[in-house]
1. Taking the stated definitions as given, is T190 over 17 Å from the mean Cα position of the chain (by Cα) and among the polar types (S, T, N, Q)?
2. Which members of the range 80-93 meet the condition of being surrounded by 20 or more Cβ atoms within 10 Å (Cβ to Cβ) and either assigned to a helix (DSSP H, G or I) or of a type in the set (S, T, Y) (or both)?
3. I'm trying to understand the selection: among the residues of the range 130-148, which are modelled with pLDDT of 95 or more and either under 19 Å from the mean Cα position of the chain (by Cα) or of a type in the set (F, W, Y) (or both)?
4. Looking at this structure, is A73 outside any loop (DSSP other than H, G, I, E, B), under 19 Å from L35 (Cβ atoms) and either in contact with a helix residue (DSSP H, G or I) (Cβ under 6 Å, 6 or more places away or on another chain) or hydroxyl-bearing (S, T, Y) (or both)?
5. Being of a type in the set (D, E, K, R) and over 15 Å from I264 (Cβ atoms) is the requirement here; does R14 meet it?
6. I'd like the full set of residues that are small (G, A, S), part of a loop (DSSP other than H, G, I, E, B) and closer than 19 Å to G238 by Cα, limited to the range 152-184.
7. Tell me whether the range 242-255 contains one or more residues that are surrounded by fewer than 17 Cβ atoms within 10 Å (Cβ to Cβ), of a type in the set (S, T, Y) and out of contact with any Ser or Thr (no Cβ under 8 Å at 6 or more places or on another chain).
8. State which residue pairs qualify: first residue among the charged types (D, E, K, R) and inside the range 137-151, second residue part of a loop (DSSP other than H, G, I, E, B) in any location, beta carbons under 8 Å apart, and separation of 6 or more residues or different chains.
Amino acid sequence: MQRSGISETGRASRTAMMTACARGAHLVAHGPRALLADWLAWPLVGPEAESMTVRSRTVFGDSAPLLATWVAARSRFSEDWLAASGAGQYVILGAGLDTFAWRQTGDVRVFEVDHPATQEWKRSRLDALGVPAPAELVWAPVDFEAESLTDGLSRAGLGAGDTFVSWLGVVSYLSLDAIRATLADLPPCTLAVSHGAPQDMLPDEIRAVSKTFRSIAVRAGEPPLTRLAPEHFADLLGEHGFEIVERSGYADVEPRWGLPALNIGNERVVLAVKRQ
């Protein structure tokens, strides 16, 4: 079972590993021009990082670096919005191999929410690398078979101050009921969340790579479950008290940062606010 992108396999999901590999590959490819300097992504994945990156290039061809740029841009959108919000608390749902807590230069308190077994695996990788946990990091293991997100965040010490929540690369793998339950559990906050679009809404340039990725995800036992048109996703957020402030996709990356990008499923990243 998964809820909020939380794996119960005792290690990061295959798609989470692929995401981290993409962030690392983007940094290697673009160096100082990279949208995200994720120096920890490949070390966290471990020995598989380079071979997974090579396989990605074999499978996706010339699209592979463009897909990697989108993965980096998705996190960059969220982290830039976090900085602009001024929030002192950052909740990362289904944190997986996210590395913001190690890369930030400020003092934002970071709550990594994930299944206890997955966090144990990540912590063991960090121990093996000799990378200590930052003082600002709060591990927030949540077993949704035993407690709600609300209870888990309260137990982890989430305060009443301004809170920014990141929920990236997860919604597509959840049922509609699980998405609704998570949105209902969130406190007043600013939210960066990504979602994919239905097959019939995919532009021609990403239709083939989206079909290929879906096949990979299905074979990995992580099939996409929910794809929503932008207006339907906006309605879903609105049902739970969120108002959309901004929406960005792969076509917005090059005008903003100078590097072209593509993504899977015509994914958008949405910035929304829940005030009460």
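1. For T190, the condition - over 17 Å from the mean Cα position of the chain (by Cα) and among the polar types (S, T, N, Q) - is not met.
2. Once the filter is applied, which keeps residues that are surrounded by 20 or more Cβ atoms within 10 Å (Cβ to Cβ) and either assigned to a helix (DSSP H, G or I) or of a type in the set (S, T, Y) (or both), the range 80-93 yields W81, L82, Y90.
3. Once the filter is applied, which keeps residues that are modelled with pLDDT of 95 or more and either under 19 Å from the mean Cα position of the chain (by Cα) or of a type in the set (F, W, Y) (or both), the range 130-148 yields L137, V138, W139, A140.
4. So A73 passes the test.
5. no
6. Listed by number, the list holds a single entry, S175.
7. The answer is no, given that none of the residues of the range 242-255 is surrounded by fewer than 17 Cβ atoms within 10 Å (Cβ to Cβ), of a type in the set (S, T, Y) and out of contact with any Ser or Thr (no Cβ under 8 Å at 6 or more places or on another chain).
8. If the second residue must be part of a loop (DSSP other than H, G, I, E, B), the pairs left are D143/H115; E145/M1.
The values are calculated or read from the model by the stated rules, or taken from the named source; none is laboratory data. Please read these numbers as outputs of a predicted model, since none were measured by experiment. Because the Cβ atoms are built from the backbone with ideal geometry, glycine has one as well, and the counts that use them run over all protein chains shown.
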